[in-house]
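Worksheet: one structure, shown below.
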Amino acid sequence: MEWSGDPIQDIRAGWDAHVAFGLTNPGFYTLMYGKVRPGYSPEAQSRPSAILLSLTERAAEQGRLVVSPEQAAAHILVTNIGVTLRQIILAAPDPALSAAVREGAIAAITGVGVPTNNPLAAAIEIAAAYPDILGKSETQLLVKWLRTLSTNQQS
């Protein structure tokens, strides 16, 4: 997976890659996430969970979360697993559901979509959510400029 450099956008891409992996490898996926034993987490979950936590930590460093990085990572992971398992169980991809739940989970951890007193933070999240509108490079530049404005506004 190619990283964009924007942690929230990378969470989106990771979500989509997670779902695609589950749908392509349902047997392995259910071994990783469907066989639940209290107090046990399969080793195969370690790396994806660590990557997700690093993304939420970066987002927190940028002031883009309304919850702790640990809570944000847990929120994204449990909703992503649920959406993926549902599609496996039904043996039918549901990209509209996946995208809607993904955006709802991101809104919950970022506060975007919730009334905010920081329009620059909202603009950052909107731009990052739709990088294809302006193009990847242009979106990264816009987000950089908006972060600079936001940082200088708070000073």
If I go through the range 64-112 residue by residue, how many of them are outside any helix (DSSP H, G or I) and open to solvent by 60 Å² or more (accessible area, probe 1.4 Å)?
3
Checklist (1) within 19 Å of Thr56 (Cα to Cα); (2) touching a Ser or Thr at 6+ places or on another chain (Cβ under 9 Å); (3) surrounded by fewer than 19 Cβ atoms within 10 Å (Cβ to Cβ); (4) at pLDDT below 90 applied to Ala128, failing item
(3)
Selection from the range 6-39 of residues in a loop (DSSP other than H, G, I, E, B) and exposed (fewer than 13 other Cβ atoms within 10 Å of the Cβ) yields Lys35, Val36, Pro38, Gly39
Quick one: how many residues across the range 51-63 are part of a helix (DSSP H, G or I) and either open to solvent by 60 Å² or more (accessible area, probe 1.4 Å) or over 28 Å from Val112 (Cβ atoms) (or both)?
3
Looking at (1) among the basic types (Lys, Arg); (2) closer than 30 Å to Val143 by Cα; (3) over 19 Å from the mean Cα position of the chain (by Cα), find the lone condition where Arg47 falls short.
(3)
Condition first: closer than 18 Å to Ile109 by Cβ and open to solvent by 30 Å² or more (accessible area, probe 1.4 Å). Can you find one or more residues in the range 40-48 that meet it?
yes
The condition of being under 12 Å from the mean Cα position of the chain (by Cα) and under 22 Å from Gly5 (Cβ atoms) holds, among Asn118, Asn152, Asn80, only for Asn80
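The values are calculated or read from the model by the stated rules, or taken from the named source; none is laboratory data. What you see is a predicted model, and the numbers here were worked out from it, not measured in a lab. All Cβ positions, glycine included, derive from the backbone under ideal geometry; neighbour counts span all protein chains shown. In case anyone asks, the SASA skips ligands and DNA or RNA and just uses the protein heavy atoms, side chains included. Shrake-Rupley method; radii C 1.70, N 1.55, O 1.52, S 1.80 Å.
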